[in-house]
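Working notes, structure below.
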Amino acid sequence: MAAACCDRVAFDGGATITQRDDLSLHVTGERPENDVYELAFSPPLDRISGIRLDAMVDPESPGKGAGRDEKGNFVLSEIEVVARPANRPDVKGTPIKLARAEADFSQAGLPVSEAIDGKTGKDNGWSVSGHTKKEPRWAEFFFQQPFQLDDETVLSVKLRFESQHTHHTLALFRMSATDEKQPEGDDAKVAAILRKNPQQRNDADRAALREHFRMYHWGPTDEIARKLAAARRDFAKLQSDAKPVKVMVMDTREKPRETFVLVKGIYNDVTDQKVVADVPGMLPPLPEKSDGTPPTRLDLARWIVSPQNPLTARVIVNRYWQTFFGRGIVSTMDDFGLQGTQPTHPELLDWLAVEFVESGWDVKEMHRLIVTSETYRQSSHVTSELLENDPDNRLLSRAPRYRMPSWMIRDHALAASGLLNRSIGGPPVKPYQPDGIWAEATFGKIRYQTDTGDKLYRRSLYTFWRRIVGPTVFFDSAKRQTCEVETNLTNTPLHALTTLNDITYVEAARVLAERMIHEHKNKLDRITAAFVNLTSRPPTPAELELLTMRVDAYVDQYRKLPQEAAELLAIGDQPRDTSLDPAEHAAYTTLYNTLMNLDEVLVKP
């Protein structure tokens, strides 16, 4: 037995119905003398042999019973079941004949069988003595033939309340369906089990009691069972529709192929010496295997991260050092060989490498160690003496100062505005990009479809990449066609065009302006708060005076050119507050966009 979620409900008499979390239907509002409830639902079953009606006690009804009359009773004159196409209530559908009915209780003279006899007389139907017995009741109605239900079909059930007794309609009830081949009244079976001595109940009896409680007395489980059944159907459909996906799998030959050094580019039959898989002789050798078999890729992987390998940890910590200082201890990040530069602080590199290995290759711990060091926490202020003695800061005489990478600049703008979506994990997203950005690379076959909503403001880490066409906003990132371990941090007019005009940055400035206008009442506070937000310091009196003059000039400009203000404020998907003065909003947007492009904002101090 599975409870069903109603897709559509209709009433003749104007009552109001609410579906609860346990899939029960609560009827409130007007109480007509007679009514017809029509329910459309899709049970989570493929084959249905019958339906069940649970009439539940409603303490909010006038009679505090299962019915809506003043004493709590109801009379179900007739129940009709029709199969019709989904989302087509106008289609008459196919009637499903009901062959048998059972109930846990019927009022004298009004048995449940009268609810399926095809008659709707005033003295006909099923009732439960709700005026004297304030108890939940159930009735089950079985089809003459089991019915196959698919995704394109819904069951439409009409509950007719047309007796001579007025207001005798249901107040709180739930519909369920079963696919049992020979359904029996669940409560009748449960009652028979309960009459047994507990010591005489077998495992099947106890299982039946647990299932009955789960389905009819612990409401939240019905919803869980419904969702589980629907998920299983979806999963089965996905499995049946799925096509085999071919993937490349790297495996090891049982008998390794012989490899030779080719002579002078002659790739056919002229060979020189035979070579075998091994590591460079200048580094520790691969450990010998007890069984004498040749080394495998797994052996190489273990050797790479072996504490005895002096290279791996040094390369990694050198890259982390470059991330925070802008330059590695070995400045040639991609070359630790004879042609690479010597480390400026070799003992520091050794110590960091050992710390990294002994920490269990703990990346976060290594980052914490670097950024909490006295070296990193120095001021980036440079004197003429330091500039003369250490112009490139190779000796670490001051804190690093360099332009932030483009992905960090984007995240900084989103964070400053309050737009940044900080959620972790999930699929890649597609933020703003110019139209036609993939057209040339894909011969017009693939179009870039920009995302909407919060996806536009996720951290740059989650931005979708095509290998041959990277995101345009990441103007200094590696090209992806080849491996690059050291990217160029550049500052050119082309990049300034991006940070001044790209939708991401203009929208961030607009949202920041809206926030500052709401949070601060006067001009000076709005400028100061935004300046601190972007630069982490208050403006000097001279800066504040200049910025105040600029915002006044922008306001005058946009009052004379309201169309330009409207066009500026329309940039980006984030809705704007239309109650704000457009000229003022546009003026602060322009000012903050300018502040976002200050060298002090784009450069890591």
Cβ-Cβ under 7 Å, sequence separation 6+ or interchain: first residue in the range 425-437 and in a loop (DSSP other than H, G, I, E, B), partner of a type in the set (A, V, I, L, M, F, W, C) and at pLDDT 90 or above. Which pairs? P428/F464; K430/F464; P431/L456; Y432/L456; Y432/I503
Going through the range 320-360 in order, the residues found to be among the β-branched types (V, I, T), under 24 Å from R401 (Cα atoms), open to solvent by less than 40 Å² (accessible area, probe 1.4 Å) and modelled with pLDDT of 90 or more are I329, V330
Pairing a residue in the range 384-411 that is farther than 30 Å from K455 by Cβ with any residue that is part of a strand (DSSP E or B) and of a type in the set (A, V, I, L, M, F, W, C), where Cβ atoms lie under 7 Å and the two sit 6 or more apart in sequence or on different chains, gives R401/V603; Y402/V603
Cβ-Cβ under 8 Å pairs, at least 6 apart or on other chains, the range 85-96 side in contact (Cβ under 8 Å) with a residue 60 or more places away in the chain, far side polar (S, T, N, Q) and part of a strand (DSSP E or B): P85/T153; A86/T153; P89/S156; G93/S156
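For A101, indicate whether it is touching a Leu at 6+ places or on another chain (Cβ under 7 Å), surrounded by 12 or more Cβ atoms within 10 Å (Cβ to Cβ), of a type in the set (G, A, S) and not in a loop (DSSP other than H, G, I, E, B).
Criteria not met by A101.
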Please go through the range 385-411 and give me each residue that is of a type in the set (D, E, K, R), surrounded by 14 or more Cβ atoms within 10 Å (Cβ to Cβ) and outside any helix (DSSP H, G or I), ordered by number. D390, R398, R401, R403
Tally the residues that are among the charged types (D, E, K, R) and over 18 Å from P471 (Cα atoms), restricting the search to the range 419-444. 1
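Yes/no per residue for (1) within 29 Å of H381 (Cβ to Cβ); (2) touching a Lys or Arg at 6+ places or on another chain (Cβ under 9 Å); (3) free of Cβ contacts under 8 Å to residues at least 40 places away in the same chain:
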| residue | (1), (2), (3) |
| --- | --- |
| L534 | yes, no, no |
| Y558 | no, no, yes |
| L569 | no, yes, no |
| G572 | no, yes, no |
| N593 | yes, yes, no |
| D599 | yes, yes, yes |
| V603 | yes, yes, no |
Right, A553: small (G, A, S) and within 40 Å of the chain's Cα centre (by Cα) or not? no
Going through the range 581-605 in order, the residues found to be open to solvent by less than 50 Å² (accessible area, probe 1.4 Å), outside any strand (DSSP E or B) and over 17 Å from S417 (Cα atoms) are A583
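Count, please, the residues in the range 221-276 that happen to be assigned to a loop (DSSP other than H, G, I, E, B), open to solvent by less than 100 Å² (accessible area, probe 1.4 Å) and modelled with pLDDT under 75.
1
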Selection count, the range 277-319, where residues are free of Cβ contacts under 8 Å to residues at least 40 places away in the same chain, under 25 Å from V485 (Cα atoms) and not in a loop (DSSP other than H, G, I, E, B): 10
Filter the range 158-184 for residues that are crowded, with 17+ Cβ neighbours inside 10 Å and hydroxyl-bearing (S, T, Y); which is modelled with the lowest pLDDT? T178
Residues of the range 477-497 classified as closer than 20 Å to T594 by Cα and either touching a Ser or Thr at 6+ places or on another chain (Cβ under 6 Å) or touching a residue at least 40 places away in the same chain (Cβ under 8 Å) (or both), total: 4
Scanning for something open to solvent by 20 Å² or more (accessible area, probe 1.4 Å), of a type in the set (A, V, I, L, M) and in contact with a strand residue (DSSP E or B) (Cβ under 7 Å, 6 or more places away or on another chain), does the range 115-138 turn up at least one residue? yes
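Okay, residues lined up against (1) outside any loop (DSSP other than H, G, I, E, B); (2) surrounded by fewer than 16 Cβ atoms within 10 Å (Cβ to Cβ); (3) modelled with pLDDT of 95 or more:
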{"residue": "T498", "(1), (2), (3)": "yes, no, no"}
{"residue": "A509", "(1), (2), (3)": "yes, no, yes"}
{"residue": "L524", "(1), (2), (3)": "yes, yes, no"}
{"residue": "I571", "(1), (2), (3)": "no, no, no"}
Checked L461, L456, L414 against criteria (assigned to a helix (DSSP H, G or I), touching a residue at least 24 places away in the same chain (Cβ under 8 Å), farther than 19 Å from I571 by Cβ and out of contact with any strand residue (DSSP E or B) (no Cβ under 6 Å at 6 or more places or on another chain)); the one match is L461
With the requirement that a residue be in contact with a Gly (Cβ under 6 Å, 6 or more places away or on another chain) and of a type in the set (A, V, I, L, M), what does the range 495-510 give you? I503
Does V382 count as β-branched (V, I, T), under 45 Å from the mean Cα position of the chain (by Cα) and surrounded by 13 or more Cβ atoms within 10 Å (Cβ to Cβ)? no
Only one of D150, D187 is surrounded by 12 or more Cβ atoms within 10 Å (Cβ to Cβ) and at pLDDT below 80, namely D187
Has the range 342-354 got at least one residue that is of a type in the set (S, T, Y) and not in a helix (DSSP H, G or I)? yes
Expected output for the range 357-380 (first residue farther than 12 Å from Y320 by Cβ and without any contact (Cβ under 8 Å) to a residue 24 or more places away in the chain, partner hydroxyl-bearing (S, T, Y) and open to solvent by 80 Å² or more (accessible area, probe 1.4 Å), Cβ below 8 Å, 6+ apart or cross-chain) is none
Flag for Q144 being polar (S, T, N, Q), in a strand (DSSP E or B) and within 19 Å of S113 (Cα to Cα): yes
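If you take the residues of the range 361-379 that are of a type outside the set (A, V, I, L, M, F, W, C) and assigned to a helix (DSSP H, G or I), which of them is least open to solvent (accessible area, probe 1.4 Å)? Walk me through how you get there before you give the answer.
Within the range 361-379, the first condition is being of a type outside the set (A, V, I, L, M, F, W, C), and the residues that meet it are 362, 364-365, 367-368, 372-379.
The next check asks that each one be assigned to a helix (DSSP H, G or I); those that pass are 364-365, 367-368.
Values: K364: 155, E365: 79, H367: 61, R368: 127 Å².
Checking each candidate, the answer is H367.
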Does F141 satisfy being buried (at least 22 other Cβ atoms within 10 Å of the Cβ), at pLDDT 90 or above and under 17 Å from T94 (Cβ atoms)? yes
Would you point out which residue out of I424, I437 is open to solvent by 60 Å² or more (accessible area, probe 1.4 Å) and of a type in the set (V, I, T)? I424
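If only one of N87, N124, N73 is part of a loop (DSSP other than H, G, I, E, B), modelled with pLDDT of 90 or more and either of a type outside the set (K, R) or touching an Asp or Glu at 6+ places or on another chain (Cβ under 9 Å) (or both), which one is it? Walk me through how you get there before you give the answer.
Working: N87 fails: modelled with pLDDT of 90 or more; N124 fails: modelled with pLDDT of 90 or more.
Just a single option satisfies the conditions, and that option is N73.
The values are calculated or read from the model by the stated rules, or taken from the named source; none is laboratory data. Everything quoted here is computed from the prediction, not taken from an experiment. Ideal geometry is used to build each Cβ from the backbone, glycine not excepted, and the neighbour counts take in all protein chains shown. When the accessible area is computed, the model is the full protein with side chains, heavy atoms only, and any ligands, DNA or RNA have been set aside. Shrake-Rupley method; radii C 1.70, N 1.55, O 1.52, S 1.80 Å.
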